[in-house]
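The values are calculated or read from the model by the stated rules, or taken from the named source; none is laboratory data. None of these values were measured; they are calculated from a predicted model. Every residue, glycine as well, gets a Cβ built from its backbone with ideal geometry; the counts of neighbours run over all protein chains shown.
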Amino acid sequence: MRVTFFLLVVIVFSLNACNDKSKKSAGEITINKTTEKVAISAKGYVDLEGNPIELSDYKGKRILLNFWATWCRPCIEEMPALLKAQEILEKENYVFLLATDQSVKIINSFKARKGFEFKYIRYTGAFADLGINALPKTFLYNEAGDKVDEISGAIEWDAPEVIERLKNIK
């Protein structure tokens, strides 16, 4: 009986784990405008070699911090458009960071299989501590290091309206 209950809980969680089953168009983007200083501690993020990372390491750049997982289908489906947006915004002083709480081994295996060229990092805390209860979730930071936007769900990152919004982050 316990095993059945446990399996049921796992199945329900798995079905609801990702926030959205399809990409949103630019007109459907849910953005929570905010201007808050967010200090990310060194122990919260590490690169794939295990070195601590802080968002302040990227001060002076605009940051797109995308939280994802290899098991999240909408996360993976939005990656080609996210990659195109990264290329388009290369000269706009952006850094794209893709954060997951999965192991380095899983991340490296994913990179080898899919070939998406992003700066992957690991989040070593609990997503819930950041207010993330579904994936994908994206935080946008301005050049001063202020968190200014939050996007829930998968979107068409390379849509002209989205690119324009990203270019206008101040």
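Would you mind telling me which numbered condition in (1) touching a Lys or Arg at 6+ places or on another chain (Cβ under 9 Å); (2) at pLDDT 95 or above K137 fails?
(1)
Of everything in region 72-101, what is over 25 Å from G145 (Cα atoms) and touching a helix residue (DSSP H, G or I) at 6+ places or on another chain (Cβ under 8 Å)? Give them in sequence order.
I76, the sole residue that qualifies.
Any idea how many residues of region 132-149 are among the charged types (D, E, K, R) and surrounded by fewer than 19 Cβ atoms within 10 Å (Cβ to Cβ)?
Total meeting the criteria: 2.
Please go through region 104-129 and pick out each residue that is exposed (fewer than 12 other Cβ atoms within 10 Å of the Cβ) and either under 16 Å from the mean Cα position of the chain (by Cα) or within 28 Å of K170 (Cα to Cα) (or both).
Matches in region 104-129: E117, A126, A128, D129.
Hey, among E92, E87, which residue is surrounded by fewer than 16 Cβ atoms within 10 Å (Cβ to Cβ), farther than 22 Å from F127 by Cβ and free of Cβ contacts under 8 Å to residues at least 24 places away in the same chain?
Criteria check complete, one pass: E87.
What tally of residues in region 118-134 results from selecting those that are of a type outside the set (A, V, I, L, M) and either part of a loop (DSSP other than H, G, I, E, B) or at pLDDT below 95 (or both)?
7
Among the candidates L82, L48, single out the residue that is aliphatic (A, V, I, L, M), assigned to a loop (DSSP other than H, G, I, E, B), surrounded by 12 or more Cβ atoms within 10 Å (Cβ to Cβ) and at pLDDT 90 or above.
On inspection, the qualifying residue turns out to be L48.
Only one of I63, I107, I76 is in contact with a strand residue (DSSP E or B) (Cβ under 7 Å, 6 or more places away or on another chain) and either part of a helix (DSSP H, G or I) or more than 22 Å from K167 (Cβ to Cβ) (or both); which?
Answer to the selection: I107.
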